[in-house]
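Student: Here you go, one structure.
Every number in this text was worked out from the coordinates using simple rules, so none of it is lab data. Just so you know, these numbers come straight off a predicted model, no measurement behind them. Backbone-built Cβ (ideal geometry, glycine too); neighbour counts: all protein chains shown.
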Amino acid sequence: MRWIHLKNKPLTPIFSEFFIPMNLSYWEYKTWLANVDYTVVGSGIVGLNCALALRKKHPHAKILVLEKGILPQGASTKNAGFACYGSISEILSDLKDHTEEEVFELVKMRWEGIGLLREMLGDKALEYEQHGGHEIFAKSNTEKYERCLQKHHEVNRLLQPIFGQNAFEQQKNSFDFGNIKDHYLVNRLEGQIDTGKMMNALLQKAILEGITVLNSVSLMKFEALSEGVELQTDQFDFKTNKLFIATNGFAPLILEEDIVPARAQVLITKPMQHLHIKGTFHMDEGFYYFRNIDNRLLLGGGRNMDLEGERTSEFGLTDKIQDKLEFLLREVILPGKNFEIERRWSGIMGVGSQKRPILKHLNDHVFCGIRLGGMGIAIGSFVGKSLAGLPERQD
């Protein structure tokens, strides 16, 4: 079978065509790279959940996780930490392109995925808090606001079997946001987590389970053989019995699937005295989102201002989007308040023509779990566990 090459871009920091492999000693190769049963590419929420699920199924297997960054890259350590199921306008938008059954299954997957995450790590480790998810509407956005008000009872009826109650309700503008409608539409069941603590807890759990995580190792190419898979990285070559690709937004560099990268830009303020905002908040079908964390205000989004330009697997910031985020802070979220920006960053998501994740076997030994559609916190655990189960379903 032919080698499968990654689609390299010139001068990209992600993968390089020119590399000098390490000269591994006998001990290094024997200890870490010989007789590998399962290799997972990507140490984000999907990859680590996949590895942990494999460990549960195969207690004595040799499991290896490869991560190209010094920390988990992509979106797992760069997201806003929303434990959410979809704002009312986002769900109504999805109903235009998906059937009711498909939207129901998407929300159910998110509900079950967050449940899996909380069960695995515990609310204390996640710093999980349930203050509700609020959708706010600009004063000029009357048509969408009225439609969401009118339709939220129908959405409640559709999703009631999942939540066991009516999740969406109308609430007054109690946080004194500026230039918005007088009421929010709130999902009372949504929560927020500390993303860094989540990923650290997953990494520690993987280590305790005897799973090896190797950082700063990029997959260059792989070849599926009848008895397993040969991998070439920018550090070394080795063989594995099964290969699981969990790189989400970076998957287009490896696979020909219905997925494209989508960059999300984020900023966070310095600590503020008497910050009165508590909860997670959505605007414009989820394209903007903000929350409180450690007496700070975290705000991200704006990809809809430049969908083509933000369709990239390279980290970075743009003045156009950062200026818009600061405008929202001044005019909508914190009107009349003084604030300073402490940090800015970006993350890479994986999106496509459909919101359902891609879970499939590519051949007898290679499998993928990708396209989380910006819902990694909600569905990452579900996708990782399902990815680990693909070989059994194949059999």
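Student: For LYS78, which aspartates and glutamates qualify as cross-link partners when the Cα separation must be under 14 Å and same-chain residues fewer than eight apart are set aside?
Tutor: List returned: ASP194, GLU314.
Student: What are the principal axis extents of the Cα atoms in the stretch 349-393, in Å, biggest first?
Tutor: 29, 20, 13 Å, listed from the longest principal axis down.
Student: Sticking with this one: Which value at 222 nm does the chain reach when only helices count, each DSSP H run of 4 or more adding -39,500 (n - 2.57), with the total divided by all residues and rounded to the nearest 500 deg cm²/dmol? Please list the in-between numbers first.
Tutor: Details: 9 runs with 113 residues, N = 395.
Result for the chain, helices only: -9000 deg cm²/dmol.
Student: Only four residue types carry charge here, +1 at the Cβ of Lys and Arg and -1 at the Cβ of Asp and Glu. Report the dipole size of the chain about the Cα centre in Debye, rounded to the nearest 20. Spell out each step's value before the answer.
Tutor: Numbers: 47 positive and 50 negative charges, 110 e Å.
Its charge dipole is roughly 540 debye.
Student: Still on this structure, please answer the following. At a Förster distance of 41 Å, what's the computed FRET efficiency of TRP27 paired with GLU119, Cβ-Cβ distance as r, to 0.05?
Tutor: Working from the Cβ atoms, E equals 0.60.
Student: Tell me, what is the percent relative contact order of the chain, built from C-alpha pairs under 8 Å that lie six or more residues apart? Could the numbers behind the result be given before it?
Tutor: Working: 838 pairs, mean separation 100.6, N = 395.
The value is 25 percent.
Student: Let me ask something additional. How much length is gained on full extension from HIS58 to SER353, taking 0.36 nm per residue of separation minus their Cα-Cα distance?
Tutor: On the way: separation 295, 0.36 × 295 = 106.20 nm, distance 3.50 nm.
Value of the extension gain: 102.7 nm.
Student: While we're looking at this one, here's another question. How far is it, in nm, from the label point at LYS278 to the one at GLU154 when both lie 7 Å from their Cα along the line to the Cβ?
Tutor: 3.5
Student: Just need the Rg to Rh number for the chain, please, alpha carbons only, Kirkwood Rh. Mind showing how you got there, number by number?
Tutor: Numbers: Rg = 21.6 Å, Rh = 21.9 Å.
My calculation of the ratio gives 0.98.
Student: Could you sort 279-285, 32-38, 127-133 so that the peptide with the highest average Cβ count within 10 Å comes first and the rest follow in order?
Tutor: Working: 279-285: 22.7, 32-38: 17.0, 127-133: 19.1.
Result, highest mean first: 279-285, 127-133, 32-38.
Student: Taking springs between alpha-carbon atoms closer than 10 angstrom, which of ARG147, ARG263, ARG303 fluctuates most in the Gaussian network model of the chain?
Tutor: ARG147
Student: Cα centroids of the stretch 155-181 and the stretch 257-297: how far apart, whole angstrom?
Tutor: Comparing the Cα centres of the stretch 155-181 and the stretch 257-297, I get a distance of 18 Å.
Student: Kindly give the semi-axes, whole Å and largest first, of the ellipsoid equivalent to the stretch 114-158, taking each as the square root of 5 times a Cα gyration tensor eigenvalue.
Tutor: Working: eigenvalues 212, 43, 8 Å².
Semi-axes (√(5λ), whole Å): 33, 15, 6.
Student: Still on this model: May I ask you to compute the full-extension gain from LEU95 to ASN173, defined as 0.36 nm times their residue separation minus their alpha-carbon distance, rounded to one decimal in nm? It would help to have the intermediate numbers written out before the result.
Tutor: Numbers: separation 78, 0.36 × 78 = 28.08 nm, distance 2.70 nm.
Here the answer is 25.4 nm.
Student: Using a cut-off of under 14 Å, list every residue of the stretch 250-273 whose amide N is near the label point 7 Å from the Cα of GLU314 along the Cα-to-beta-carbon line.
Tutor: It comes to 263, nothing else.
Student: Report the Rg/Rh value for the stretch 167-295, based on alpha-carbon coordinates and the Kirkwood definition of Rh.
Tutor: Numbers: Rg = 21.8 Å, Rh = 19.6 Å.
Looking at the stretch 167-295, the ratio lands at 1.11.
Student: Find the centroid of the Cα atoms in the stretch 298-360 and in the stretch 361-378, then give the distance between the two in whole Å.
Tutor: 23
Student: Let me ask something additional. For each of SER216, SER313, count neighbouring Cβ atoms within 10 Å of the residue's Cβ, then give the residues from fewest to most.
Tutor: Working: SER216 13, SER313 22.
With the fewest neighbours first, SER216, SER313 line up as SER216, SER313.
Student: Another question, then. Of PRO271, THR39, GLN160, which is farthest on the positive side of the dipole of the chain, counting Cα position, with +1 on Lys and Arg Cβ, -1 on Asp and Glu Cβ, and the Cα centre as origin?
Tutor: In the chain, that residue is PRO271.
Student: So, by mean Cβ neighbours within 10 angstrom, what's the order for 76-88, 368-380 with the highest one leading?
Tutor: On the way: 76-88: 24.3, 368-380: 26.6.
Ranked from most to least packed, the peptides come out as 368-380, 76-88.
Student: Arrange LYS62, LYS96, LYS139 by Cβ neighbour counts within 10 Å, fewest through most, would you?
Tutor: Values: LYS62 18, LYS96 6, LYS139 12.
So the ranking, lowest neighbour count to highest, is LYS96, LYS139, LYS62.
Student: Next question. Determine the dipole magnitude for the stretch 226-306: charges of +1 sit on the beta-carbon of Lys and Arg, -1 on that of Asp and Glu, nothing else is charged, the reference point is the Cα centre, and the result goes in debye to the nearest 20.
Tutor: Numbers: 8 positive and 11 negative charges, 147 e Å.
Charge dipole of the stretch 226-306: 700 debye, to the nearest 20.
Student: Figure the gain on full extension for HIS361 and ASP237 (residue separation times 0.36 nm, minus the Cα-Cα span) and round it to one decimal in nm.
Tutor: Numbers: separation 124, 0.36 × 124 = 44.64 nm, distance 2.27 nm.
Roughly 42.4 nm would be gained on extension.
Student: Please identify the GluC sites (Glu not before Pro) of the stretch 286-395 that satisfy two criteria: DSSP loop assignment and at most 15 other Cβ atoms within 10 Å. Which are they? Don't jump to the answer; show the numbers that get you there.
Tutor: Numbers: sites: GLU308, GLU310, GLU314, GLU326, GLU331, GLU340, GLU342, GLU392; in loops: GLU308, GLU310, GLU314, GLU340.
Sites meeting the loop and neighbour criteria: GLU308, GLU314, GLU340.
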